[in-house]
1. Which one of the conditions (1) under 12 Å from the mean Cα position of the chain (by Cα); (2) assigned to a helix (DSSP H, G or I); (3) aliphatic (A, V, I, L, M) does L100 fail to meet, given that it meets all the rest?
2. Would you check which residues across the range 52-75 are exposed (fewer than 14 other Cβ atoms within 10 Å of the Cβ) and without any contact (Cβ under 8 Å) to a residue 24 or more places away in the chain and list them?
3. Under 9 Å between Cβ atoms, which residue pairs at least 6 apart in sequence (or on different chains) link something in the range 163-182 that is under 19 Å from Q115 (Cα atoms) with a partner that is β-branched (V, I, T) and assigned to a loop (DSSP other than H, G, I, E, B)?
4. Any chance you could count how many residues in the range 39-72 are of a type in the set (G, A, S), in contact with a Gly (Cβ under 8 Å, 6 or more places away or on another chain) and under 18 Å from A120 (Cβ atoms)?
5. Quick check on my filter: what residues within the range 66-94 are among the polar types (S, T, N, Q) and not in a helix (DSSP H, G or I)?
6. Go through (1) buried (at least 16 other Cβ atoms within 10 Å of the Cβ); (2) in a helix (DSSP H, G or I) one by one and return the number of the condition L19 breaks.
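The values are calculated or read from the model by the stated rules, or taken from the named source; none is laboratory data. In this text the structure is predicted, and so the values were computed from the model without any measurement. Heads up, the Cβs are rebuilt from the backbone with ideal geometry, glycines too, and the neighbour counts pull from every protein chain shown.
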Amino acid sequence: MHEKRFDGSADKLRSEKRLALLEVDQVINLTLQGVEAASMVDVGIGSGLFAEGFRNRSLQVAGVDVSQEMLNLAARHVPGAILRLGLAEELPFHDGYCDLVFMGLLLHETDSPLQALKEAHRVGCQRTAVLEWYYVADQAFGPPLEHRLPEAVIKELSRQAGFKQYTKYPLSNLVLYILDVV
């Protein structure tokens with residue numbers, strides 16, 4: 001299980017090089033655009049980089065990760081966040097727990113992207129934002145092509161998971177997919 005899981009060091013998650021690639025402010029702005037969100041769950045919270053950004057926008061933040069090491073790191077960067085050990089395919093939150101679910105560079109790592117999106121749909125009552133790598137072989141960073149998800153796959157999985165609206169935002173280095181419940 002989870003053989004595609006991130007295996008780098010925790011420090012790598014907040015390196016200057018990685019931060020430059022992620023466009024955190026732009027991702028958060030697009031994720032919050034057109035939605036009134038007060039709470040969010042960061043699935044695959046990692047070091048808490050995106051959760052920290054959402055908290056700075058006054059959202060109540062929760063996070064889940066398969067790694068206790070990552071949860072410990074997130075706790076240092078996002079004090080007061082509700083943090084739980086768990087899988088994207090079995091989120092440890094009740095139905096309609098939050099307004100927004102965020103999956104930053106995670107969906108391609110799950111054992112079942114469809115089940116992960118179904119869980120996001122169950123837990124989030126307004127929107128799920130999925131940040132992913134472009135499906136290209138010649139990108140100098142990120143996972144190998146066979147671990148990346150083509151846009152058509154993400155779009156079809158979002159439909160199967162029950163999302164009603166799908167919007168794609170191409171960024172400089174990544175792609176943000178906004179999946180709305182209504």
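1. Only one criterion is unmet by L100, namely (2).
2. N56, S58, Q68, N72
3. The qualifying pairs are F163/V181; K164/V181; K164/V182; Q165/V181; Q165/V182; I178/V35; D180/V35.
4. Qualifying residue count for the region: 4.
5. Answer for the range 66-94, where residues must be among the polar types (S, T, N, Q) and not in a helix (DSSP H, G or I): just S67.
6. (1)
Conditions (1) among the acidic types (D, E); (2) modelled with pLDDT of 95 or more, marked per residue:
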position: L30; (1), (2): no, yes
position: G34; (1), (2): no, yes
position: A38; (1), (2): no, yes
position: V43; (1), (2): no, yes
position: S47; (1), (2): no, no
position: E52; (1), (2): yes, yes
position: L59; (1), (2): no, yes
position: A81; (1), (2): no, yes
position: L91; (1), (2): no, yes
